[in-house]
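The values are calculated or read from the model by the stated rules, or taken from the named source; none is laboratory data. Computed from a prediction, not measured in an experiment: that's the story for all the values here. Using ideal geometry, Cβ is built from the backbone for each residue, glycine included, and neighbour counts are taken over all protein chains shown. Just the protein is used for accessible areas: all its heavy atoms, side chains included, with ligands, DNA and RNA removed. Shrake-Rupley method; radii C 1.70, N 1.55, O 1.52, S 1.80 Å.
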Amino acid sequence: SQQGEEDPQALSIQEGENATMNCSYKTSINNLQWYRQNSGRGLVHLILIRSNEREKHSGRLRVTLDTSKKSSSLLITASRAADTASYFCATANTGRRALTFGSGTRLQVQP
Amino acid sequence: GAVVSQHPSRVICKSGTSVKIECRSLDFQATTMFWYRQFPKQSLMLMATSNEGSKATYEQGVEKDKFLINHASLTLSTLTVTSAHPEDSSFYICSARDPTGLYGYTFGSGTRLTVV
């Protein structure tokens, strides 16, 4: 499967700051999803944005999608130490049932 | 939301032995489940798509004889790593699509396999 790229690969911020992660992908998509993974654990679904949407909010999360640039961003506002985790974007590509994951961003929020 | 239960969470086995990992959908029926492998500090790579009542579809480069997938019921898919070797040590995660379509895909908690 062709994976997307995420940047940064690692991000360290102080509690209260905002964290922005970017994701690029390669193929046509039906939707793009963001997941969180705590170390050594399964993935938790955060938010889904459809290909015809440009921005979506959920609590402290804000996701944007630019299909012309094949890119998305995840913004976590007012970060907390508990937000420390790896974050992955994943695309549901046209004609493919499984998700294709980006390379991930490891976020460290310092208390 | 939909819940997928994966067992065991952690297993250590000797080289040459086989290990079975189970993935159950607890409150919904999953005609399709997905098996991923994740190496340390890397992303998830799809290994195969498990189809209830039919053969699994494997990704290029994944040996079907080594990674046996069985999806005999609408709530259970199993992955058996046969003749395991140290290079098979990895984190294996199963997934199913949330039937409501609202929450994306739901994931098991993963299985940490260590082959010694």
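Rolling a 1.4 Å probe over the protein heavy atoms leaves residue B:7 with an accessible area of roughly 110 Å². The calculated pair-distance distribution of chain B uses every alpha carbon pair, bins of 10 angstrom beginning at 0, and gives 15, 49, 31, 5, 0 percent.
Computed from label points 7 Å out along Cα-Cβ, the spacing between residue A:56 and residue A:20 is 2.1 nm. Per residue, the accessible area of chain B comes to 49 Å² when a 1.4 Å probe rolls over the protein heavy atoms. Highest mobility in the GNM of chain B, judged by mean-square fluctuation with C-alpha springs under 10 Å and restricted to B:99, B:86, B:40, is found for B:40.
Surface burial for A against B, with a 1.4 Å probe and both sides summed, reaches about 1700 Å² of accessible area. With loop membership from DSSP and a limit of 15 other Cβ atoms within 10 Å, the longest segment of chain A without GluC sites (Glu not before Pro) is A:54-111. If the label point is 7 Å along Cα→Cβ of residue B:82, which residues in region B:24-67 have backbone nitrogen under 11 Å from it? From region B:24-67, the list is B:64-67. Comparing mean-square fluctuations of B:52, B:63, B:22 from a GNM of chain B with C-alpha springs under 10 Å, the top value falls on B:63. Projecting the Cα atoms of B:83, B:93, B:61 onto the charge dipole of chain B (Cβ charges, centred on the Cα centre) puts B:83 farthest toward the positive pole.
Taking B:77, B:95, B:54 in turn, the Gaussian network model of chain B (Cα-Cα springs below 10 Å) assigns the largest fluctuation to B:54.
With an a/c value of 1.5 or above and a/b larger than b/c for the gyration tensor axes a ≥ b ≥ c computed over the alpha-carbon atoms, chain A is described as prolate. Each Lys and Arg adds +1 at its Cβ and each Asp and Glu adds -1 at its Cβ; summed about the Cα centre, chain B shows a dipole of about 240 debye. In this rough spin-label picture, where each label sits 7 Å from Cα along the Cβ direction, the residue A:12-residue B:26 distance is 3.7 nm.
What net charge is computed for the residues neighbouring residue A:51, neighbours being all others with C-beta under 15 Å from the C-beta of residue A:51, Lys and Arg scored +1, Asp and Glu -1? Could you put the intermediate results ahead of the total?
Values: positive: A:26, A:50, A:54, A:56, A:69, A:70, A:96; negative: A:53, A:55, A:66.
Value of the local net charge: +4.
Here is the short version for chain B: B:13 have no other Cys C-beta closer than 4.7 Å. Look at where the Cα atoms of region B:27-76 and of region A:96-111 average out, and the two centres are 20 Å apart. Kirkwood radius, the protein assembly as shown, all distinct C-alpha pairs, inverse of mean reciprocal distance: 18.0 Å.
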